[in-house]
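Report on the following structure.
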Amino acid sequence: MTWTLVIVLAVVAYAFKATGMVLAAGRRLPPVLDRAAALVPAALIAALVVNDTVTSAGALTIDARAVGVGAAMVAAWRRAHLIVVIVLGAAVTAAVRAIGM
């Protein structure tokens with residue numbers, strides 16, 4: 001039953017996406033929507049990061065993850081390389097957990 005549901009949902013999702021491509025074929029979005037659509041991936045990633053950082057089992061939790069993400073945000077803001085941002089965020093999270101916060 002579960003695999004049947006997964007396959008049906010995959011087919012429906014694919015059909016939904018294909019329908020949008022067929023209906024919009026050859027048409028251009030208005031400039032305002034085109035600029036807004038370019039911002040959607042960044043907004044989705046930010047929402048996922050915040051959701052995974054400050055929630056645990058459906059409850060609001062501020063812990064070492066928030067400190068690590070904060071350190072990574074500062075490094076990204078200062079235009080550090082991506083690998084530096086990732087390693088710094090992980091290291092700060094590990095350090096805060098090690099000191100027992």
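The values are calculated or read from the model by the stated rules, or taken from the named source; none is laboratory data. All values reported here derive from a predicted model rather than from experimental measurement. Every residue, glycine among them, receives a Cβ derived from its backbone with ideal geometry; neighbour counts consider all protein chains shown.
Of note:
- Residue count, the stretch 23-72 (criterion: over 19 Å from R97 (Cα atoms) and either touching a Lys or Arg at 6+ places or on another chain (Cβ under 6 Å) or of a type in the set (D, E, K, R) (or both)): 4
- Residue check, A66 surrounded by 10 or more Cβ atoms within 10 Å (Cβ to Cβ), more than 30 Å from A90 (Cβ to Cβ) and without any contact (Cβ under 8 Å) to a residue 24 or more places away in the chain: no
- Any hit, the stretch 71-87, residues being touching a strand residue (DSSP E or B) at 6+ places or on another chain (Cβ under 9 Å) and at pLDDT below 95: no
- Residues satisfying the stated conditions in the stretch 1-39, i.e. charged (D, E, K, R) and at pLDDT 90 or above: R35
- For V6: the one exception among (1) under 23 Å from the mean Cα position of the chain (by Cα); (2) not in a helix (DSSP H, G or I): (2)
- Residue pairs whose Cβ atoms lie under 6 Å apart, separated by 6 or more positions or on different chains, with the first residue in the stretch 20-39 and on the phi > 0 side of the Ramachandran plot and part of a helix (DSSP H, G or I) and the second surrounded by 10 or more Cβ atoms within 10 Å (Cβ to Cβ) and polar (S, T, N, Q), do not occur.
- The stretch 12-55, residues that are out of contact with any helix residue (DSSP H, G or I) (no Cβ under 9 Å at 6 or more places or on another chain) and under 19 Å from A90 (Cβ atoms): I45, A46, L48, N51
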